[in-house]
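> Can you keep this structure in mind? I'll have questions shortly.
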Amino acid sequence: MVVSNYLLLEEPIRMATILEPSRPSFFPAMTKIVGTLGPNSRSVEVISGCLKAGMSVARFDFSFGDAKFHQDTLENLSMAIKATQKLCGVMLDTLGPELLLVNKSEHPIALKEDSFVILTPDQDKQASSDLLPINFSGLSKAVKKGDDIFIGQYLFTGNETTSVWMEVSEVKGEDVVCLIKNSATLAGPLYTLHVAGIHIDLPTLTDKDKEVISTWGVRNKIDFLSLSYARRAEDVRHAREFLSGLGDLSQTQIFAKIENVEGLDNFDEILQEADGIILARGNLGIDLPPEKVFLYQKEAIHKCNVAGKPAVVTRVVDSMTDNLRPTRAEATDVANAVLDGSDAILLGAETLRGLYPVETISTVGKICAEAEKAYNQDLYFKKAVKHVGEPMTHLESIASSAVRAAIKVKASIIICFTSSGRAARLIAKYRPTMPVLSVVIPRLKTNQLSWTFSGAFEARQSLIVRGLFPMLADPRHPAEFSSSTNESVLKVALDHGKASGVIKPHDRVVVCQKVGDASVVKIIELED
């Protein structure tokens with residue numbers, strides 16, 4: 001057996017077996033897919049297609065479009081969820097301290113290599129080939145001669161004719177004169193500006209972000225907040241404080257989006273505070289030398305895995321924005337993200353304004369499913385247990401035991417009863433080879449005026465964790481089981497598994513549950 005990191009290749013493998021078609025399964029892949037909904041993916045029909053193809057979290061990017069645009073899209077998502085019977089989480093992506101080029105006329109701007117252009121904070125001026133107005137007055141203080149600046153509709157990847165690489169030539173008062181390094185035409189309504197390796201003195205959660213979260217976010221009870229440009233642990237704490245004052249949003253999970261070297265430098269502290277990490281490789285790929293990007297990805301995902309927090313990777317199939325098939329390098333990139341241990345793949349422009357949103361999700365899902373077959377779970381499990389060390393906490397011990405038992409008896413599924421979702425996430429942390437069905441038992445809460453059930457947040461928040469598939473139990477079942485309610489909930493879960501084709505007669509199932517104060521792991525062998 002050849003073991004390369006977490007890659008498992010059985011020897012000897014016949015090359016012909018690679019060509020055998022994959023077996024269809026109810027869960028297209030264990031790795032989750034976050035799709036960004038926008039102009040090309042906001043009809044009920046397209047969103048339904050995305051859900052069927054494997055999207056489990058919908059991302060709403062507030063760096064474009066107004067609240068009404070996103071609200072209409074979200075209402076279509078709700079209709080698509082009802083029509084397809086597929087659960088879907090909602091992620092709000094903040095604008096953050098993003099630097100934007102202001103092009104009021106929206107006419108294309110042609111920029112020629114080796115010519116000069118002035119970046120000015122005077123937004124009343126008209127954008128042209130010689131002058132580009134931007135939304136930040138502090139740029140001239142932040143940059144110096146020789147610094148790199150990138151501008152593009154979806155940022156620079158190196159060979160696009162739609163984005164431009166410039167070098168600061170001189171600073172004149174508040175204006176910055178730049179030498180253009182490649183010819184390009186800036187077309188479209190939105191251009192982002194990124195300065196490599198420079199601290200931009202703007203708050204991470206802007207006033208505009210706060211307004212959007214406290215109106216649109218509260219109204220729609222968002223499951224995830226993607227915190228753009230998280231640079232310090234303080235940024236996450238500040239966002240958490242803000243959310244905790246907004247009723248239901250105190251349950252919203254915060255995913256820190258690491259987009260520059262500053263965030264990378266403070267990664268460990270940010271990871272401690274955040275609920276998950278988004279590796280925003282678009283901006284990061286500009287801030288880091290290209291040869292360092294893979295190393296950052298592997299190390300960051302490893303740290304997330306060890307902490308049991310979801311790692312989400314972006315910018316994997318850029319070319320599918322305009323094409324029906326990914327490049328060979330992109331297909332390999334998706335597989336490597338899975339082998340590195342990522343929980344989810346985030347699609348941005350590919351589904352937002354791409355021509356083939358449904359096909360992109362389907363293609364990425366198929367690549368993830370193939371990579372999962374080659375994932376060396378055995379090696380990963382041993383390393384995870386070793387890292388946790390001894391003595392283990394009660395919950396860690398139960399979670400690792402459930403996964404070990406499921407692998408030993410070749411169980412087809414692990415069923416975990418949970419009310420907070422924590423036990424199920426811990427089981428998923430050990431990356432079992434079979435799906436984990438997280439049966440969320442709602443808890444009844446009261447504020448002396450009305451009754452509410454918790455559980456929906458916890459169920460949807462597991463939709464971004466690799467291998468975890470949620471199901472909401474009937475609220476009439478109490479969280480602390482007696483043996484009779486226990487059996488009826490289990491029956492519902494098993495019936496769900498059978499109906500979806502995950503569980504067949506004579507299969508073994510591992511069940512993890514709480515009985516009174518004790519946690520129990522048991523193995524069930526199903527009859528006909």
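The values are calculated or read from the model by the stated rules, or taken from the named source; none is laboratory data. Just so you know, these numbers come straight off a predicted model, no measurement behind them. Using ideal geometry, Cβ is built from the backbone for each residue, glycine included, and neighbour counts are taken over all protein chains shown. SASA here: full protein model, heavy atoms, side chains in, ligands and nucleic acids out. Shrake-Rupley method; radii C 1.70, N 1.55, O 1.52, S 1.80 Å.
> Take each of the peptides 376-388, 402-414, average the number of other beta-carbon atoms within 10 Å over its residues, and list them starting from the highest.
402-414, 376-388
> What's the ranking of 192-199, 223-230 by average number of surrounding C-beta atoms within 10 Å, highest first?
Peptide ranking by packing, descending: 223-230, 192-199.
> How much net charge surrounds residue 458 when only the other residues with a Cβ under 10 Å from the Cβ of residue 458 are counted, with Lys and Arg +1 and Asp and Glu -1?
So the surrounding residues net to +3.
> So between residue 487 and residue 19, what do we pick up on full extension, going 0.36 nm a residue minus the alpha carbon distance?
My answer for the length gained is 164.2 nm.
> State the answer as a single residue: which of 441, 336, 60 lies farthest towards the positive end of the charge dipole of the chain, with beta carbon charges of +1 for Lys and Arg and -1 for Asp and Glu, about the Cα centre.
441
> Still on this structure, I have one more. As a test of the formula, what do you get for the chain when each DSSP H run with n ≥ 4 contributes -39,500 (n - 2.57) and the sum is divided by the residue count, at 222 nm and rounded to the nearest 500 deg cm²/dmol?
Taken over the chain, the calculation gives -10000 deg cm²/dmol.
> Still on this model: If you line up the Cα atoms of the stretch 351-399 on their principal axes, what length do they span on each, largest first, in Å?
Cα extents, longest axis first: 53, 23, 15 Å.
> Report, to one decimal in Å, the Kirkwood hydrodynamic radius for the stretch 68-213 based on all distinct Cα pairs.
17.0
> May I ask for log10 I(q)/I(0) of the stretch 254-363 at q = 0.23 Å⁻¹, from a Debye sum over the Cα atoms as equal point scatterers with solvent left out?
-1.28
> Still on this structure, I have one more. Compute the label zone of residue 272 within the stretch 369-400: residues whose backbone N is under 20 Å from the point 7 Å along Cα-to-Cβ.
Counting backbone N atoms under 20 Å from the label point, the list is 387-389, 393.
> Give, in nm to one decimal, the length gained when the segment between residue 169 and residue 66 is fully stretched (0.36 nm per residue of separation minus the Cα-Cα distance).
Length gained, residue 169 through residue 66: 33.5 nm.
> Please compute the length gained on full extension between residue 527 and residue 322, using 0.36 nm multiplied by the number of residues separating them and subtracting their Cα-Cα distance.
Between residue 527 and residue 322, full extension yields 68.8 nm more.
> Mind checking the dipole of the stretch 233-330: about its Cα centre, +1 per Lys or Arg Cβ, -1 per Asp or Glu Cβ, Debye to the nearest 20?
In total the dipole reaches around 480 debye.
> Still on this structure, please answer the following. Of all beta bridges DSSP finds with both residues in the stretch 375-528, what is the antiparallel percent, to the nearest 5?
45
> Taking 7 Å along the Cα-to-C-beta vector as the label spot, tell me the residue 214-residue 386 distance in nanometres, rounded to one decimal.
5.1
> Give the accessible surface of the chain per residue, rounded to a whole number of Å², with probe radius 1.4 Å and ligands, DNA and RNA excluded.
Heavy-atom SASA per residue in the chain reads 45 Å².
> What does the charge count near residue 112 come to, summing +1 for each Lys or Arg and -1 for each Asp or Glu among other residues with Cβ under 12 Å from its Cβ? Before the final figure, lay out each step's value.
Working: positive: 181; negative: 113, 114, 130.
That works out to -2.
> At R0 = 41 Å, how high is the FRET efficiency between residue 379 and residue 85 if r is their beta carbon distance? Nearest 0.05 is fine.
Working: r = 37 Å, r/R0 = 0.90.
In this case the efficiency is close to 0.65.
> Can you order the peptides 62-70, 365-373 by their average number of other Cβ atoms within 10 Å per residue, highest first?
Output ranking for 62-70, 365-373: 365-373, 62-70.
> Could you compute the FRET efficiency for residue 498 and residue 207, with r as their C-beta to C-beta distance and R0 at 60 Å, rounded to 0.05?
0.70
> Right, here's the next one. Cα atoms only: what Rg and Dmax, in Å, come out for the stretch 407-454?
According to the Cα coordinates of the stretch 407-454, Rg and Dmax are 14.8, 50 Å.
> For the chain, build the convex hull from the C-alpha positions and give me its volume per residue in Å³. Kindly include the intermediate steps, with their values, before the conclusion.
Values: hull volume 86.0 nm³, N = 528.
For the chain, the hull spanned by Cα atoms encloses 163 Å³ per residue.
> What is the Cα radius of gyration of the stretch 307-446 over 2.2 N^0.38 Å, N being its residue count? Don't jump to the answer; show the numbers that get you there.
Working: Rg = 17.7 Å, N = 140, 2.2 N^0.38 = 14.4 Å.
Rg over 2.2 N^0.38 Å, computed on Cα atoms: 1.23.
> Return a whole-number percent for the relative contact order of the chain, with Cα pairs under 8 Å and 6 or more residues apart as the contact set.
This gives 14 percent for the chain.
> Also, I was wondering about something else. Got a number for carbon plus sulfur as a percent of the stretch 95-235's accessible area, 1.4 Å probe?
Whole-percent figure for carbon plus sulfur exposure: 50.
> Here's a follow-up. Please state the Cα pair-distance histogram of the stretch 371-528 with 5 angstrom bins from zero: what percent is in each bin?
2, 9, 18, 21, 22, 14, 8, 4, 2, 1, 0
> Roughly how many debye, to the nearest 20, is the charge dipole of the chain about its Cα centre, given +1 on each Lys and Arg Cβ, -1 on each Asp and Glu Cβ, and no other charges?
On the way: 58 positive and 65 negative charges, 368 e Å.
I would put it at about 1760 debye.
> Next question, about the same structure. With Kirkwood's inverse mean 1/r over C-alpha pairs for Rh, give me the Rg to Rh ratio of the stretch 39-87, two decimals please.
On the way: Rg = 10.4 Å, Rh = 10.9 Å.
Using only Cα positions, Rg/Rh for the stretch 39-87 is 0.95.
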